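Chemist: Below you will find the structure I want to go over with you.
The values are calculated or read from the model by the stated rules, or taken from the named source; none is laboratory data. These figures come from a predicted structure and were not determined experimentally. Note that we place each Cβ from the backbone using ideal geometry, even for glycine, and neighbour counts take in every protein chain shown. Surface areas here come from the heavy atoms of the whole protein model, side chains and all, with no ligands, DNA or RNA. Shrake-Rupley method; radii C 1.70, N 1.55, O 1.52, S 1.80 Å.
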Amino acid sequence: MKYYYLDGIEKKGPYSLAELRSRNLSSDTMVYREGRQNWARLSDFEDINSKIELAPNKIKKEVKNDINKYKWDKKNNKKLFSSIIIIFLIVTSYFVYQRFALTEDTARETSNRFFNMLMMKNSNGDEIKKLYPDFDLIGSRIKFLNLCTINNISRNSDGDYEIYASYAPDKFDSYPIYLLISRENNETYIKSSKGINYAYYDKVLEYGKKKGCLTGNEDDVKMGDIISEKRLRGELEFDTDVRIQSLYNNIKTSSDIQNRWGSVSGDVTVTNKNDIDLSSYDIDCRVEFYNRAGQITSTEKVYLFNGVPAHGSASGSVFSTSQNSSTFRIIRTLKNNDELRNKVREKIIEETLYGCN
């Protein structure tokens, strides 16, 4: 038995039942079977419906599969989109944090920039004040000769960074430096410091502690305020100048310089009647030689290699390089350098009584 069906207005066939089954026709397809008088919908052929799978069922399955696939793709696309948003937010947050939050790298960079400014001879005051708003309140401060070395950085409970550094003006000495780095209104700045005030270097801190005006725990600004209010630096410097003049007055010289066979030479002895040892860097001794007309013929240095001990003396040989010399004059000079002044300050501090007026 043969079958025919309409594809639009075109008649297809003849087909066997097996061939018709393979055509995947819909239930509304018009079909004609030999021996039948009229065309009818495929769904009207009960004998055929029981033997072939109608296309609508297949379509339903395909549509269902498409819907499930769509739901699956939509779900996965939603997850993918959410993942992209999350990654974007994480990356954005990181850059925002690096830009606006205070980090260890920012604190380190700020500290090094500040140390570099303190080394500059003509540093920009506005730039320093922007970096350290209270800088002018410190008063006298150290002028760095070398860069500071950062030894440790730690974050405190307030979110500020504490910088622990050291400053070595020479190969013999090293001083601790402390900075507290903070951030406010998107600006990183130095909140406070210790070790920048010159009181750490010119013995004013020790002087203030001995008098009871300072504890040594003050930050640089507070220390500068107390030093100014109590006039500690002025007092110590005045006493130091007076004591150095006294040192000079208590240094005596003698010699056995003579004219021997046309050459003026001999030994010069320097006597130190003070309580402070004088190194060869503290004292300078020279001999000026004159001819008979009173004109200087030469000036020769007396080398006191080991200095002059307290309540002791030291000698050095000297001779005139000019044969026209007939008389001489011994000149002693205290160099009044930082080393000598600190020695004098230490002696003053040792003798200072407790009492902050």
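Chemist: From the list ASP202, ASP158, ASP136, ASP173, which one is modelled with pLDDT under 95, among the acidic types (Asp, Glu) and farther than 30 Å from TYR354 by Cα?
Modeler: On the way: ASP202 fails: farther than 30 Å from TYR354 by Cα; ASP136 fails: farther than 30 Å from TYR354 by Cα; ASP173 fails: farther than 30 Å from TYR354 by Cα.
On inspection, the qualifying residue turns out to be ASP158.
Chemist: Do we find that SER157 is open to solvent by 70 Å² or more (accessible area, probe 1.4 Å), among the small types (Gly, Ala, Ser) and touching a strand residue (DSSP E or B) at 6+ places or on another chain (Cβ under 6 Å) in this structure?
Modeler: Considered against the rule, which asks whether it is open to solvent by 70 Å² or more (accessible area, probe 1.4 Å), among the small types (Gly, Ala, Ser) and touching a strand residue (DSSP E or B) at 6+ places or on another chain (Cβ under 6 Å), SER157 comes out as no.
Chemist: Of these, ILE150, ILE196, ILE163, which one is of a type outside the set (Gly, Ala, Ser) and surrounded by fewer than 20 Cβ atoms within 10 Å (Cβ to Cβ)?
Modeler: Answer to the check: ILE150.
Chemist: A follow-up question, please. Could you please let me know if ARG341 is out of contact with any Phe, Trp or Tyr (no Cβ under 7 Å at 6 or more places or on another chain), among the charged types (D, E, K, R) and closer than 17 Å to ASP282 by Cβ?
Modeler: Spelling it out, ARG341 is indeed out of contact with any Phe, Trp or Tyr (no Cβ under 7 Å at 6 or more places or on another chain), among the charged types (D, E, K, R) and closer than 17 Å to ASP282 by Cβ.
Chemist: Any residue in the range 134-152 that is assigned to a loop (DSSP other than H, G, I, E, B) sitting within a Cβ distance under 6 Å of a residue that is open to solvent by 60 Å² or more (accessible area, probe 1.4 Å) and among the hydroxyl-bearing types (Ser, Thr, Tyr)? List the pairs, counting only those 6 or more apart or interchain.
Modeler: That search, which allows pairs on different chains as well, returns GLY139/SER228; SER140/TYR198; ILE142/TYR198.
Chemist: Look through the range 166-193, keep the residues that are of a type in the set (Lys, Arg) and within 15 Å of the chain's Cα centre (by Cα), and return whichever of them is least open to solvent (accessible area, probe 1.4 Å).
Modeler: By that ranking, first place goes to ARG183.
Chemist: Sticking with this one: Do you know which of the residues in the range 119-133 that are of a type outside the set (Lys, Arg) and part of a helix (DSSP H, G or I) is most open to solvent (accessible area, probe 1.4 Å)? Full working, then the answer.
Modeler: Of the range 119-133, the ones of a type outside the set (Lys, Arg) are 119-120, 122-128, 131-133.
Remaining after also requiring part of a helix (DSSP H, G or I): 119, 125-128, 131.
Values: MET119: 73, GLY125: 48, ASP126: 124, GLU127: 83, ILE128: 5, LEU131: 6 Å².
Among residues in the range 119-133 that are of a type outside the set (Lys, Arg) and part of a helix (DSSP H, G or I), the one most open to solvent (accessible area, probe 1.4 Å) is ASP126.
Chemist: Something else: Quick check: is even one residue across the range 176-198 more than 30 Å from ASP160 (Cα to Cα) and at pLDDT below 95?
Modeler: no
Chemist: A further question on this structure: For the list (1) under 12 Å from the mean Cα position of the chain (by Cα); (2) open to solvent by 60 Å² or more (accessible area, probe 1.4 Å), I need the number of the one condition that PHE114 fails.
Modeler: (2)
Chemist: Which number in (1) at pLDDT below 95; (2) within 30 Å of ASP202 (Cβ to Cβ); (3) in contact with a strand residue (DSSP E or B) (Cβ under 7 Å, 6 or more places away or on another chain) marks the one condition that VAL270 misses?
Modeler: The failed condition is (1).
Chemist: Using beta carbons and a limit of 9 Å, which pairs, at least six apart or on different chains, have the first residue in the range 1-13 and over 13 Å from GLU34 (Cα atoms) and of a type in the set (A, V, I, L, M) and the second one outside any loop (DSSP other than H, G, I, E, B) and at pLDDT 80 or above?
Modeler: Note: pairs meeting the criteria are LEU6/LYS12; LEU6/MET30; LEU6/VAL31; LEU6/TYR32.
Chemist: Can you find a residue that is open to solvent by 20 Å² or more (accessible area, probe 1.4 Å) and in contact with a strand residue (DSSP E or B) (Cβ under 6 Å, 6 or more places away or on another chain) anywhere in the range 230-243?
Modeler: No, the conditions are met nowhere in the range 230-243.
Chemist: Another one. Tell me, please, whether a residue that is open to solvent by 30 Å² or more (accessible area, probe 1.4 Å) and closer than 18 Å to ILE244 by Cβ can be found in the range 311-319.
Modeler: Going residue by residue through the range 311-319, those that are open to solvent by 30 Å² or more (accessible area, probe 1.4 Å) are 311, 313, 315, 317, 319.
Filter once more, keeping what is closer than 18 Å to ILE244 by Cβ: 311.
Among the residues of the range 311-319, at least one is open to solvent by 30 Å² or more (accessible area, probe 1.4 Å) and closer than 18 Å to ILE244 by Cβ, which makes the answer yes.
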